[in-house]
Amino acid sequence: MTQGDHDNKAIPEALPNDAHQDDSSPYPLEHGCDAWWLWSQLHKSPEVLLYARTALFHPNWSHGTAAVRGSQQLNGGLHYWEVQVSQRLFGTAVMFGVCTESARLHANSFVSLVGEDQFGWGLSHKGLIWHKGKGHHYTEPFQENCSTTIGVLFDGVQGTLGFYKDTRWLGIAFTGLDTITEPLYPVIASTAAKTKLTLGATKRGWTGLQDRARHALLSALPQPQLLYTLPLPPALRHYLEDDLPPSNTHGRNRLLSSNRQQSLPS
């Protein structure tokens, strides 16, 4: 079997998920708040199709390696996100991690793309972690052709990156990320044809008391769009708006349009 055949192979019926381990950890950042980001339409391989929160890799046939970045810059903050992996888990490398803007997002060969150089830090489904082109053993290889959920915990203050698998903490994989001055972003990659990687929970830690107060105020609103009915100074409204889900940030335009229609003479 050639490498291309390996990354395009047919797969058997779905196998049961790995059993959760007894050393499962509490849900990371359960006292944080939601982070509103998605996979970036602007920063991806042409071999990645995006459907809402799902990235489909190599929809027809795989001829290399494809990646897509997240839209959220991570530096200096505490972030956690989950990636739900479809049954099609096989091939040279399905990867999860972070990268800078200098990392390439496509290769015409089958490689461990995230961490192939100094611009990425990645975990492969083979159980290896990669950085500067070197792979090191980190955990047991994932069971192929079996769906799973990978959690990624990035601590920009401590400069660490670690991973969960089906809620089980695998440990810190990388340190020293607090020294990186380039913007860092979430990233996923795959060599396998028709892989589906779906963004699950996205959480972030508090940046301070003001941030917590903003979240408490927005949580008290029956509907997020009601923010635009409150008599607030523009600067405060804009600060609150930054923590709204993207689908609600157009509420102001809808409200203004509705008010204009109501004020039109009959």
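Values quoted throughout were computed directly from the atomic coordinates according to the rules given, and no laboratory measurement underlies them. Predicted model only: the values in this text are computed from it and were never measured. Cβ: placed from backbone, ideal geometry, glycine included. Neighbour counts: every protein chain shown.
For a 24 Å ceiling on Cα separation, which of these pairs sit above it: Lys134/Lys165; Lys132/Lys196; Lys134/Lys196?
Numbers: Lys134/Lys165 22 Å; Lys132/Lys196 27 Å; Lys134/Lys196 26 Å.
Distance filter (> 24 Å) returns Lys132/Lys196; Lys134/Lys196.
Here the simple spin-label model places points 7 Å from the Cα toward Cβ, and for Ala216 and Asp242 these points are separated by 2.0 nm.
Between the listed residues Gly76, Ser102, Thr65, the Cα displaced farthest toward the positive end of the dipole of segment 48-118, a dipole computed from Cβ unit charges relative to the Cα centre, is found at Thr65.
Among 132-143, 42-53, 176-187, the peptide with the highest mean count of other Cβ atoms within 10 Å heads the list, and the full ranking is 176-187, 42-53, 132-143. Under a 5 Å amide H cut-off, with hydrogens placed 1.01 Å from N, Leu184 pairs with Leu74, Asn75 among residues at least 5 apart or on other chains. Scaled against 2.2 N^0.38 Å for its residue count N, the alpha carbon radius of gyration of segment 89-193 is 1.00. Each Lys or Arg adds one and each Asp or Glu takes one away; over the other residues whose Cβ falls under 9 Å from the Cβ of Leu105, this sums to +3. A simple count of charges around Leu236, restricted to other residues whose Cβ falls under 13 Å of its Cβ and scoring Lys, Arg +1 and Asp, Glu -1, yields -1.
Between Leu226 and Thr179, residue separation times 0.36 nm minus the direct Cα-Cα distance comes to 12.8 nm. In terms of packing, defined here as the mean over residues of other Cβ atoms within 10 angstrom, the peptides 212-222, 31-41, 144-154, 111-121 line up highest first as 111-121, 144-154, 31-41, 212-222.
So, by mean Cβ neighbours within 10 angstrom, what's the order for 91-99, 68-76 with the highest one leading?
Sorting 91-99, 68-76 by mean packing, highest first, produces 91-99, 68-76.
Scanning residues 5 or more positions from Ser62 or on other chains, those with amide H under 5 Å from its amide H are Ala193, with H placed 1.01 Å from N in the peptide plane.
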